1. Going by the conditions given, is Arg108 touching a Gly at 6+ places or on another chain (Cβ under 7 Å), of a type outside the set (Gly, Ala, Ser), touching a residue at least 24 places away in the same chain (Cβ under 8 Å) and surrounded by 16 or more Cβ atoms within 10 Å (Cβ to Cβ)?
2. What is the residue count in segment 36-77 for residues that are at pLDDT 90 or above, within 21 Å of Leu6 (Cα to Cα) and out of contact with any helix residue (DSSP H, G or I) (no Cβ under 8 Å at 6 or more places or on another chain)?
3. Among the strands (runs of 3 or more DSSP E) confined wholly to segment 2-91, which include 1 or more residues that are farther than 16 Å from Gly104 by Cα and touching a Ser or Thr at 6+ places or on another chain (Cβ under 9 Å)?
4. For Cys101, only one of the following conditions fails: (1) part of a strand (DSSP E or B); (2) in contact (Cβ under 8 Å) with a residue 60 or more places away in the chain; (3) exposed (fewer than 13 other Cβ atoms within 10 Å of the Cβ). What is its number?
Amino acid sequence: MDFSPLRGFRILLPEEVRIFQRVENTLRKVFGLYGFEEIVLPTLEPFSLFEKKSGEEIEKHMYTFTDFGGRKVALRPELTPSVARLFVQRSGELKLPVKWCYFGSVFRYDEPQ
């Protein structure tokens, strides 16, 4: 039985976590100096959100499943479609220009980078 991490996932050891957090925190400070505000995006999204942007071919690189409501969902393979949807859905209430920054894991059936 193989208990290795799944393809596309990796484990970060404490030193790697500290480096990762240091970089993220530095970026947050710099973004804040320029007026950017952080948003947090869903990890799980409707598959159709990514299919519309990238076509059916992207499914070969995604983790997808059918949820209990019968909807096809996916772990996000990228962040841009989620940001674009948020902007479109909230465009009537947003003060332009919008200055958002965001961080988050993405999940693809690829070799970890």
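The values are calculated or read from the model by the stated rules, or taken from the named source; none is laboratory data. Only a predicted model underlies this, so the values are computations on that prediction, with no experimental measurement involved. Cβ placement follows ideal geometry from the backbone for every residue including glycine, while neighbour counts extend to all protein chains displayed.
1. Details: touching a Gly at 6+ places or on another chain (Cβ under 7 Å): yes; of a type outside the set (Gly, Ala, Ser): yes; touching a residue at least 24 places away in the same chain (Cβ under 8 Å): yes; surrounded by 16 or more Cβ atoms within 10 Å (Cβ to Cβ): yes.
So Arg108 passes the test.
2. Of the residues in segment 36-77, 7 are at pLDDT 90 or above, within 21 Å of Leu6 (Cα to Cα) and out of contact with any helix residue (DSSP H, G or I) (no Cβ under 8 Å at 6 or more places or on another chain).
3. Values: elements: 37-39, 44-46, 64-66, 72-75.
So the answer is 72-75.
4. Condition (3) is where Cys101 drops out.
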